[in-house]
Structure formats: C-alpha cells, structure tokens
Amino acid sequence: MRAEHSPSEVPPVPDTGEEDRYLIREFLSQRGTPGEAGGAFDKLVMKYRDRIFSLCCRMLGDYEEANDCSQEVFIKVYRGLEGFKFQSHFSTWLYRIAVNTCKNQLGSRAHRDREKTLGFNHTASNAEYSFEPGSVAENPERLFERSETERTVQRAIKTLPAQQRLLVLLRDIEGRPYEEISSLTGIALGTVKSRLNRAREQLKSLLKA
C-alpha cells in the first residue's frame, strides 16, 4: 500500500466524489496486481486520514486510542471496498465506518478502564501523530495544541454521553447536515435534533464558568 505514483495519474477533477469513484475503480481493477492497487488506496487514505483521525480523536478523547482507531477504520475500508456499491458518496460510507468503530471502542472494557485511569483533565499535547499509512506529523494541525479555550471546550464535549458527543462533533465541529448525521448514526432525524439540543444545553451549563 506504499507504491508511489505521479499526481498526473489521477485526473484533475473537482472534489465532488468523482475523484473518489475514480480511485476506487482503479483500486478494484488493479487488486491482485502486486504493488498497483495500493497506490490508488493510498491516495484515498491521504485525502481522508486527517479528518478521520480528527473525528476519532475528538470522539475518544485520547491520542493513542484515536491513532489505533484510525488505523482500524482504514483496514476495514481496505477489506470492504469491494462491497462499496457507489450508491452514496465514499466519504459518507467512510464516516459511517469511522462512527461505528468509535462507538464500538467507546463501549469496550479497555476504553472504560482507560477513562477511569486518565480522568477528565487528561491531554496529549506533546504527542506526535504517527498514523499509518503515511504520517500525519507533516500536518500542522495539532488537536491537543490549541488555545486554552478550545481545549476547555474539548474537555467539556468529552463529558457528554457518547451519543450526544457524537452528534455535537458531527454537526457543530464537522458541520455535517442533519440528514447525513441521521444516515451515519441510524438515528431518526427528529431525534437527532432533539438530542443535539439537549447536548448543547448541557455544554452551555458546563462552559458558563
């Protein structure tokens, strides 16, 4: 999955999902050819890895868990891409996998034990990204090296119940439409809005101080 290809191999199309479809078809057509299919898949990873890591980091509240979770997401994508039906945007399909992977991790015993150990004020401000394939270290965005206000907001979000936390992240941080959030989470549209309102009210109370 590390083969290098020149940028000219990918047509310069607008980012409307066409590039993703091109890369997926290239990956599927070359799968089984040593050293070829990985190049197309690596381009998909490079495009989305930071966004997926960011979601995992904010959802799980821990750098190491987010790093592992991000890797697991793309492993699932690599193994399951043959089943992608092109009936939705690849990004929506990818986010659904990431959301479910985070939810599974949040429900795991290992995560609950880690939460008890780290506590509310845990940060990882000195951590360096090491997500594979590729390194996220070259990206200047450092989720845990933001202003004190942003770190406070992140800690407040972390105290929300997992489902409310996810809705806040998808809507207020990621800026995703309500309809897409409903599709990603499997929660009815009206319920998404009501739970999001409750989460916002809870955050207001936490952040008043």
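The values are calculated or read from the model by the stated rules, or taken from the named source; none is laboratory data. Predicted model only: the values in this text are computed from it and were never measured. Here Cβ is always computed from backbone atoms with ideal geometry, including for glycine, and neighbour counts include all displayed protein chains. Ligands, DNA and RNA are stripped out before the accessible areas are found, and what is left, the full protein with its side chains, is counted by its heavy atoms. Shrake-Rupley method; radii C 1.70, N 1.55, O 1.52, S 1.80 Å.
Brief remarks on what is shown
- Checking each residue in region 80-104 for being among the basic types (K, R) and part of a loop (DSSP other than H, G, I, E, B) picks out only K85.
- Residues that are open to solvent by less than 40 Å² (accessible area, probe 1.4 Å) and of a type outside the set (A, V, I, L, M) were ranked within region 79-104; the one that is farthest from Q30 (Cα to Cα) is C102.
- Selection count, region 20-37, where residues are open to solvent by less than 50 Å² (accessible area, probe 1.4 Å) and modelled with pLDDT of 90 or more: 5
- Every residue from region 158-209 that is of a type in the set (G, A, S) and closer than 20 Å to I97 by Cβ: A162, G175, S182, S183, G186
- Residue that is least open to solvent (accessible area, probe 1.4 Å), among those in region 38-78 that are farther than 25 Å from Q164 by Cα and among the aromatic types (F, W, Y): F41
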